[in-house]
Amino acid sequence: MPEIDVGSQIFDVVFHPTFATVYTGLLNGYIKAFAYNEQGKEQSAFSVRPSKRSCRGLSIKHDGTHLYSVGKAKALNVIDTATAQINTRPGAHDSTINRVKYLMPWLISTGDDDGVIKLWDPRQQECVREYTQHFDYITDFLWLDDKKQLVATSGDGTLSVMDVRSKKPEPFAQSEDQDDELLSIVAIKGHSKIVVGTQLGILSIFNRSKGWGDCVDRVPGHPLSIDALCNLPPGIPNVDPTSTVLTGSSDGYVRAVQILPTKLLGVVADHGEWPIERIAVGGGVGSQLTSGYEEDSAGKKDGTQNRVGQEMDIDQMEVVNGNQSRPRKWWVGSVGHEDLLRMTDLENFFIDQNEGEELKGALGVTVDDEQSDEDEEMDMSGNDGHPEVGGSGSSSSSQSSEDSEASEGEAPQDKQRKRKIEKNPLGVDKPKGRNEIDVEDAFFDEL
């Protein structure tokens, strides 16, 4: 698993929609961009520091030309991704801005620690609308383009829906108090259902056709809070992207989870003891960073550390009739409370998962902690390069590429035992609510 050391704790990560570039917002106020190739090898593209205070949130325009950042400085920054020039709107909020979201051309939303949401037109200095229905920090945004509605989740336990076409300062709808902090949000099933991650590790499902008052289903299973959710891009093999999401939890795992029917598909990345902060998926090709600004002798100019981005090799992309075709690889960028950005090959993950299930079905064998010595000997002698049986959720599947390279040429060793999590790690017997659905016993047992 490729890793990018950025030198400071990462708060947010976004990918360029077209080019193979990833952007990170850091605790020390820097925003660092990295270009990467098909193997996940990175090179620094640019590094800017709009403020000495932390960068809390990032969002990128649909065409990738501008990057929006917010943070503890209470300012809204607009960064040109080609030249790294910064346009700052100081004092955008009265408190720390926690989230920013690009909605559509000439419309951006921001949310702060006091629950205030503002809509911005980048061509104007003042906000075009302000909402104050929340009293705790804004945790995440979701844009519903079909109805031109913005959905916000908050630490006060509610979500609200704002129709940006209306001039009213009140939301179109607001849910009941869910008795839990709402931390993350994505849409599935063609935007007909909404998935919300909570502090207690439950996925709450809202059905748009039944209103926003309360969730219709609750999916337990995560042992700790679900701080990040992310959709899958179309075209990933062996998976339905309309019903599958990536979840980032405080236990350090990035999981692939299918919703309705509910099924754990595997652990995509393991950050160890570090809680997951944010997840993003990108699959750009080629390099945008070939503009003509040069690094000065000190490496910095006007608070910006510039470096001429070199064009990547032509074999990084597929060119058909002069146009770039679909990216060869989709990458998952996940960040925890650490200085590393972990890049995981998403397509290979699902291909390996499918091959592992086929192999397991053909052999009719289930691997458990009580495996006999004879079975272990068969595994080591007859593996022939196939994935381990039942290895979809084991810790060995999340080992970095450096570990696997270091192990080449060494004598075979006993395979690692699977790490399992208690079904009730909190040690609390909670009654099942009327909206809570049953989940198969095998759900998350692979962990």
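What to note about this one:
- Qualifying chymotrypsin sites (Phe, Trp or Tyr not before Pro) for the range 23-59 [loop in DSSP, other Cβ within 10 Å: at most 12]: none
- The range 1-140: C-alpha gyration tensor shape, a/c 1.5 cut-off, then a/b vs b/c: prolate
- Accessible surface calculations at 1.4 Å, restricted to protein heavy atoms, place the range 152-210 at 40 Å² per residue.
- For the range 1-151: accessible area per residue (Å², 1.4 Å): 37 Å²
- Solvent-accessible area, 1.4 Å probe, carbon plus sulfur percent, for the range 49-102: 41 percent
- Accessible-area value, Trp330, 1.4 Å probe, nucleic acids and ligands omitted, Å²: 40 Å²
- Heavy atoms of Leu200: accessible area, 1.4 Å probe, square angstrom to 10: 80 Å²
- Apportionment of accessible area to carbon and sulfur, the range 180-257, percent (1.4 Å): 52 percent
- Listed pairs Lys147/Lys193; Lys147/Lys167; Lys148/Lys168; Lys32/Lys263; Lys52/Lys329 exceeding 26 Å between Cα atoms: Lys32/Lys263; Lys52/Lys329
- C-alpha center-to-center spacing [the range 175-233, the range 64-100] in angstrom: 28 Å
- If you sort the three axes of the alpha carbon gyration tensor as a ≥ b ≥ c, you get a/c of 1.5 or more for the range 116-226 and a/b above b/c, which makes it prolate.
The values are calculated or read from the model by the stated rules, or taken from the named source; none is laboratory data. Just so it is clear, the structure is predicted and the values come from calculations on it, not from any experiment. FYI the Cβ positions are ideal-geometry reconstructions off the backbone, even for glycines, and counts take in every protein chain you see. The area values use the complete protein model at the heavy-atom level, side chains included, leaving out ligands, DNA and RNA. Shrake-Rupley method; radii C 1.70, N 1.55, O 1.52, S 1.80 Å.
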